[in-house]
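The values are calculated or read from the model by the stated rules, or taken from the named source; none is laboratory data. Predicted model only: the values in this text are computed from it and were never measured. Every residue, glycine among them, receives a Cβ derived from its backbone with ideal geometry; neighbour counts consider all protein chains shown. The accessibility values were calculated without ligands, DNA or RNA, using every heavy atom of the protein model including side chains. Shrake-Rupley method; radii C 1.70, N 1.55, O 1.52, S 1.80 Å.
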Amino acid sequence: MTVQQTGPTSTRRIFGAVLVLVASGLAVAATFLSAYAVEVTINSRTLRFEATSWVIERDDFRGALLLGPIEFGEPAVGAALVMALAAVLAFRVPATRVGSLLGAGLLVGAAWSAVTSVQATVKKLEELGPPVPVNVEQGDGITLLIVAAGVAVVSAVLHQELPRRVRPEETTGGVVIHQIDEEPDDTETPPYGYPVIVEPKEPKSD
């Protein structure tokens, strides 16, 4: 038999809530950093394209490559908002802790989508067959988004704080109770802890 312990907010749950907020902040910050960059060197001149998840920050190709932002900003911010609300509201309504798991899942999906989008861009440029080498770089925004997703998963698990399984000895102060058979044999010890010695009666003399 096992016993589940529940009680007031623990240090582990508070630490998980803090990490959830940290992951939310990292996710939002990632959307404003460079998502990816494309660079080409022609006749000692470097042409560069660079974009965040929201806007194009630099385009020396003037639209010739038909590139644009990798749109992971909205899902990342949405996941961050869900996680932040779950971390704050869970102190009053414990059931809302599930929101941190949901937000972490959304953030992992956004990070996966961003990485596959960069890979698709590389494939697209290779299919164009440019006469000069084209260098595609994954930006700090996607790297930070991956980190945020990892922190979100760990923090969401800590935030749930599943009940700890406790042995019966821990709930009885270390005292173990053993059951004694209804019909004890000669080896059993009586309740007082000392065996009762019964001497055989001597036969009466006539």
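Take 10-20, 138-148 and order them by the average number of nearby Cβ atoms within 10 Å per residue, most first; the result is 138-148, 10-20. Counted residue by residue at 0.36 nm each, then reduced by the alpha carbon distance between them, the extension gain from A120 to N43 reaches 25.0 nm. With protein chains left intact and a 1.4 Å probe, residues in the stretch 3-165 average 56 Å² of accessible area per residue.
Applying Stokes-Einstein at 10 °C and 1.306 mPa s to the Kirkwood radius of the stretch 3-165, computed over alpha-carbon pairs, gives a translational diffusion coefficient of 92 µm² s⁻¹.
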